[in-house]
Structures are given as C-alpha cells and as structure tokens.
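Asker: Can you read through this structure? Questions will come right after.
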Amino acid sequence: MLDRLLVIDFNPEVHDELKRRGIACIYGDVSHMETLRHADIHDAALVVSTITDTVLKGTHNLELLRKSRRLCSAPAWSSPRARTASALELYEAGADYVLMPGLQSAAQMASILTQGLERGFESLRTEQLDQLRRRNEVLQ
C-alpha cells in the first residue's frame, strides 16, 4: 500500500525521513485548503488523519474532515480519537470510520483500512458506532 500513499507533513525531519524511505510526501500544513488542493486529495481513495487534536495547532480533526469533504467527492475518513464523545462527534459530521488507538492495535487499524477500501466502511462504521454508544466512560 506504500506505493499508493501520500503524506502531508510540515515537520522537515519527518519529511526528510519519509523521502529517505521512498514514501511520497508533501511539505505543508494540512489545515490550509491550498495544501490539500496541492496534494490533489480530490483524487484520494482514502483520507487518514494520524494526528490527535492535542497535537494540531490552530485546527482540529473535525475541521480537517470538513475541509477534506469540500475537496473530495467521497473520501473515507479515519482519525485517531482518544475519547468516545470526540469519535461520535466526527461520526455525526460524516466520518466513514474513526480509528481509536486506545481500542485498536496498529494491526487492527491496518485491517480496518484495508477492509474499508475493499468493501466500504458502512458495516465497520455501524459496528463501531454501536460499540461506542454502549461505552460508559468517566471522561467524555
């Protein structure tokens, strides 16, 4: 799948390491629409945010989802979320699937992304929404 991957990052060290590993990357800030246009995400089969809101500066994953939806006709969106309430908020905004690192291992996430690309995210989304709604967390 690496040959079909494009990473957008503004950290020059990350950018250099990705290039060293042969992974296509664009230097830029994902919160800017022009960066997303330059990356041609309108052709993307899948848009994945791997950054939590606590790391993002000046934006948040909900805003990134909205921006990507403006440029992509039907991207599948995945994003790391630490809390159930935040994940539900992304689903309500139209996310196809929300990755939950506290609930899923890296291998499970890779499997979910592969299944979603092959068969769509609808059944995966429904299953996780059911699970999230049953969770009774102390911090929402």
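The values are calculated or read from the model by the stated rules, or taken from the named source; none is laboratory data. Just so it is clear, the structure is predicted and the values come from calculations on it, not from any experiment. Quick reminder, even Gly has a Cβ in these numbers, built from the backbone with ideal geometry, and neighbours come from all protein chains shown.
Asker: Could you please find all residues in the range 90-124 being in a helix (DSSP H, G or I), modelled with pLDDT of 85 or more and more than 14 Å from the chain's Cα centre (by Cα)?
Answerer: Scanning the range 90-124 gives 92, 111, 115, 118, 119, 122, 123, 124.
Asker: Quick one: is residue 84 crowded, with 17+ Cβ neighbours inside 10 Å, of a type in the set (S, T, N, Q) and under 28 Å from residue 129 (Cβ atoms)? Give the derivation first.
Answerer: On the way: crowded, with 17+ Cβ neighbours inside 10 Å: yes; of a type in the set (S, T, N, Q): yes; under 28 Å from residue 129 (Cβ atoms): yes.
Taking the combined requirement at face value, the residue satisfies it.
Asker: Of all residues in the range 21-32, count the ones that are touching a Phe, Trp or Tyr at 6+ places or on another chain (Cβ under 9 Å), farther than 18 Å from residue 90 by Cβ and not small (Gly, Ala, Ser).
Answerer: Of all residues in the range 21-32, those touching a Phe, Trp or Tyr at 6+ places or on another chain (Cβ under 9 Å) come to 27-30.
Okay, now just the ones that are also farther than 18 Å from residue 90 by Cβ, so 27-29.
Retained after the next criterion (residues that are not small (Gly, Ala, Ser)): 27, 29.
Selection size over the range 21-32: 2.
Asker: When the range 1-15 is examined, which residues are found to be over 24 Å from residue 69 (Cβ atoms) and surrounded by 12 or more Cβ atoms within 10 Å (Cβ to Cβ)?
Answerer: Kept after step one, since they are over 24 Å from residue 69 (Cβ atoms), are these residues of the range 1-15: 2-3, 11-15.
Listed by number, the residues that qualify are 14, 15.
Asker: Let me ask something else about it. Every residue in the range 17-32 that is exposed (fewer than 12 other Cβ atoms within 10 Å of the Cβ) and not in a loop (DSSP other than H, G, I, E, B), please. Reasoning before the result, please.
Answerer: Within the range 17-32, the first condition is being exposed (fewer than 12 other Cβ atoms within 10 Å of the Cβ), and the residues that meet it are 20-22.
Hit for the range 17-32 is 20, nothing else.
Asker: Filter the range 33-68 down to the residues that are assigned to a helix (DSSP H, G or I), under 22 Å from residue 92 (Cα atoms) and of a type in the set (Asp, Glu) and list them by number.
Answerer: Within the range 33-68, just 63 meets the criteria.
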